[in-house]
Amino acid sequence: MRPIQNIIKCMTTCVLMGVSASCASLPDREADTGTQKTSAVKFENAQGPVSANQSASIFKELTNEAGNRDILKRHLAFEQEINRDSPLVTGNQLVLLKDGPATYQAMFEAIRAAQDHINLETYIFENGEIGTRFANLLLEKQAAGVQVNIIYDSVGCLTTPKEFFERLSSGGIQLLEYNPVNPANVKKQEWILNNRDHRKLLVVDGKTAFLGGINISESYSRGSSASFRRPRQNANVDNKSGWRDTHLQIKGPAAAEFQKYFMDTWARQKGGALSTQAIFP
């Protein structure tokens, strides 16, 4: 795997997942582009921080691939300052999933292979064909002894019947409704209607993570070509079009960083106790 993919991991952590409350304030871009020196770039692997020589070697390889050394170094320094709790982690495999069908196929394969737990966080979880396939597979894994935990957004799932989630709960899956629309169902003190969870995150066994822009919805179940077609209005043409979006699959120690985000959201929303025995393998 090329080390440049670890930088993509860091970028997606900060941009797609959002800067966590524990992160430092943003560095001063104006000052940094002047005479100030950026901090040393440090990397970690599954065993923890790597040596200075190893970090220098990784940075050299990144520079050979990315080009401008000063810009890359400054960018990585910014990344470290923005999110100090999520280090630049090496030793990962990254797969770009270009649309819904490719994403769902990869997610189903990972879920079927799960041995310990499945953590799913999504803005939209519809009860259509694709949502039912997810529900059936997750219930199957729960019945097989794999603990399934789901965070779904109250507004994003506003049109999903409560019976859909009741079926999941009855099967043993732990559910958490993010910031319920009904204030009476809010477990924490602060309630803000527009505080929504737009993450689309799946972590399997703490080893594989999926994230990006694809919800669990029929809108994403069509291929890329269908999303861009503008067919003529006639009876012989399928006029339905889907959403074109992208997802990432990450295998390796970086999955632990996304696990932290899931667990932090679960705790902040006052979810029930989660088993932590194999959360960070």
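The values are calculated or read from the model by the stated rules, or taken from the named source; none is laboratory data. On a predicted model such as this, the values are computed, not experimentally measured, just so you know. We place every Cβ from the backbone using ideal geometry, glycine too, and count neighbours over all the protein chains shown.
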If only one of Val41, Val19 is of a type in the set (Val, Ile, Thr) and either modelled with pLDDT under 50 or in contact with a Gly (Cβ under 8 Å, 6 or more places away or on another chain) (or both), which one is it?
Val19
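Looking only at segment 64-84, decide whether some residue is closer than 30 Å to Tyr220 by Cβ, in a loop (DSSP other than H, G, I, E, B) and outside the structural domain of Gly223 (by TED's automatic domain parsing).
yes
One line per residue, one yes/no per condition, for (1) farther than 19 Å from Gly272 by Cα; (2) part of a helix (DSSP H, G or I):
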site	(1), (2)
Pro101	yes, yes
Tyr104	yes, yes
Phe108	yes, yes
Leu120	no, no
Ala135	yes, yes
Val148	no, no
Gly156	yes, no
Arg167	no, yes
Val181	yes, no
Buried (at least 20 other Cβ atoms within 10 Å of the Cβ), in the same structural domain as Ala102 (by TED's automatic domain parsing) and at pLDDT below 95: does that describe Asn194?
no
Just checking, does segment 211-218 include any residue being over 25 Å from Phe258 (Cα atoms), modelled with pLDDT of 80 or more and within 25 Å of the chain's Cα centre (by Cα)?
yes
